[in-house]
Amino acid sequence: MKEKLIIYGTGNFGKRLYECLRKFDISVYCFCQTQIENGEDSLYEIPIISLHTLTKISGDKLILIAIENSQVSNYIKTNLMNQFLEDAKIFECGNFIKSNLNSFVLNENQYCLMCNSYIKEFIPSGNEGKIFLEHHIIGGGYRKNCVCPQCNSMDRTRWVLYVLKKYTRIFNEPCRVLHFAPEDGLVRRIQANIQCDYYTCDIESGKAMHVVDVTDIPFRDHVFDYIIINHVLEHIENESLAVSELKRVLKPDGKIILSFPICMNQKTLEDLSIKTKEKRQEIYGQEDHVRLYGYDFKEWLEQYGLKIKVYSPKEELSLEEITRYGLICDDICMVCSF
Ligand SMILES: [Zn+2]
């Protein structure tokens, strides 16, 4: 290319455009910003110049405007044309980046295991309450790479899917499954196994096939190969009764797939004298939680005779994969048996 290629814009669009061009070994002469606050800087070791400096660059120029806001982009183009750069080739890349580069560049960055989509980026979500900020609570609190914009799956649900795929035969074999507080994405995936006899349930009506209280499960003894129960037990006062009911309906060689918020800074916190919403909010971080599991969660559950295998992304995947799949690095999903 004989022209000096200049990317106007150093935000996300500018960076994406640069990354795309780099893949084709197209070299960029410099970045440009309308104004530069603290002297001229660099990006990817390429100088960032001001609009003023741009006017002084001699020779043929190709200016690619990479600004997300089309009005601003338009304004810059008009400004460049009017002032001094009639001879430069000037292109607005906003629409081009939106329609091509997002999929081209970012496809390789983020991928949803639940809906098998390449996506631009996961959406932040999660509780920003005081207790979540003060304590490190896995599966709770604010997370940047949380919700898939395609299928709405959450980070922790995608981790459960990973564990189900790798450590169970739930998607491949005839099996009977009981699923509490069923997550949409998992429901779709499990229903795709036509050999699965599948029962979803929730304490609230309208959320699943059956209204079921986990401390009083209306099914016969030893009928389920798998029970999936995520983020439920922290709501249940009589945990012991819940676990004994799960054990009763589970086949002797069945497995329980289990997760809940865990605070790794402290031991499990449970004070059954705490009854008010305000106090529960204060102590457990959520007004309808009745305990906050701590680093001793495994021993805590083993008191009920559960045999527990703990699976965490940081032990299964590289950091790069964890980021690409939008997972929580130290998330925990348990596969339990009796
Ligand atoms: Zn998805």
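Laboratory data are not the source of any read-out in this text; all were calculated from the coordinates shown. What you see is a predicted model, and the numbers here were worked out from it, not measured in a lab. Here the Cβ is made from the backbone with ideal geometry for all residues, glycine too, and neighbour counts use every protein chain on show.
If you count, for each residue, the other Cβ atoms within 10 Å and average over each peptide, how do 265-275, 169-179, 205-215 line up from highest to lowest? Intermediate results must be reported in sequence, preceding the final value.
Working: 265-275: 12.5, 169-179: 17.8, 205-215: 14.5.
Result, highest mean first: 169-179, 205-215, 265-275.
Counting only DSSP H runs of at least 4 residues, each contributing -39500 (n - 2.57), and dividing by the residue count of the chain, the helix-based mean residue ellipticity at 222 nm comes to -7500 deg cm²/dmol. Shape analysis of the chain yields a ratio of the Cα radius of gyration to the Kirkwood radius, Rg/Rh, of 1.14.
Only Cα pairs under 8 Å and at least 6 apart count here; give the relative contact order of the chain as a rounded whole percent.
Averaging sequence separation for qualifying contacts and normalising by length gives 13 percent for the chain.
Which order do the peptides 191-203, 222-234 take when ranked by the mean count of other beta-carbon atoms within 10 Å per residue, highest first? Can you show the working numbers first?
Working: 191-203: 15.4, 222-234: 20.7.
The peptides rank, most packed first, as 222-234, 191-203.
In this structure the amide hydrogen of ILE228, modeled in the peptide plane, comes within under 5 Å of the amide hydrogens of LEU178, HIS179, PHE180, ILE257, none closer than 5 places in sequence on its chain. Cysteine residues of the chain whose Cβ has no partner cysteine Cβ closer than 4.7 Å: CYS20, CYS30, CYS32, CYS93, CYS146, CYS175, CYS196, CYS201, CYS263, CYS329, CYS333, CYS336. With both residues required to sit in the chain, DSSP beta bridges show an antiparallel share near 35%.
Peptides 74-83, 248-257 ranked from most to least packed, by the mean per-residue count of other Cβ atoms within 10 Å: 248-257, 74-83. The simple spin-label model puts a point 7 Å past each Cα toward its Cβ; for LYS279 and GLN266 those points are separated by 1.5 nm.
Taking R0 as 56 Å, what's the FRET efficiency between GLN83 and ILE194 from their Cβ-Cβ distance, rounded to 0.05? With a Förster radius of 56 Å, E is 0.25. Which lysines, on any chain, are close to LYS2 with Cα under 25 Å apart, when same-chain ones fewer than 8 places away are left out? Result set, ordered by chain and number: LYS15, LYS23, LYS56, LYS61, LYS77, LYS89. Straight Cα distances below 25 angstrom link LYS314 to the lysines LYS120, LYS144, LYS165, LYS166, LYS255, LYS267, LYS298, with same-chain residues fewer than 8 positions distant left out.
Of all aspartates and glutamates in the structure, those lying under 12 Å Cα to Cα from LYS251, and not within fewer than 8 positions of it along the same chain, are ASP221, ASP225.
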